[in-house]
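Scroll down for the structure; my scribbles are underneath it.
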Amino acid sequence: MKHNSLHQWQKEHNKRVKDFHKNHALTIEIGKNGNGLLARWERFLYNKGKTFFKAVK
């Protein structure tokens, strides 16, 4: 019984994390993640990685 409840909690947690990362990637892609130094670096690295993976395919 305890294992099933823990398993269910983990599944819900994983869904929340997946949704967070999906939404975060969308905000980076449209440039709405902020104007701070870390936000600009994050956009830069995201865009460079995206173009790199497109070039590799």
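Table: residues versus (1) part of a helix (DSSP H, G or I); (2) open to solvent by 100 Å² or more (accessible area, probe 1.4 Å).
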{"residue": "E12", "(1), (2)": "yes, no"}
{"residue": "K22", "(1), (2)": "yes, yes"}
{"residue": "A25", "(1), (2)": "yes, no"}
{"residue": "E29", "(1), (2)": "yes, no"}
{"residue": "N35", "(1), (2)": "no, yes"}
{"residue": "A39", "(1), (2)": "yes, no"}
{"residue": "R43", "(1), (2)": "yes, no"}
{"residue": "K54", "(1), (2)": "yes, yes"}
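Is there a residue in segment 5-24 that is free of Cβ contacts under 8 Å to residues at least 60 places away in the same chain and touching a helix residue (DSSP H, G or I) at 6+ places or on another chain (Cβ under 6 Å)?
Within segment 5-24, not a single residue is free of Cβ contacts under 8 Å to residues at least 60 places away in the same chain and touching a helix residue (DSSP H, G or I) at 6+ places or on another chain (Cβ under 6 Å).
The values are calculated or read from the model by the stated rules, or taken from the named source; none is laboratory data. In this text, all values refer to a predicted model and were calculated from it rather than measured experimentally. All Cβ positions, even for glycine, are placed from backbone atoms using ideal geometry, and neighbour counts span all protein chains on display. Surface areas here come from the heavy atoms of the whole protein model, side chains and all, with no ligands, DNA or RNA. Shrake-Rupley method; radii C 1.70, N 1.55, O 1.52, S 1.80 Å.
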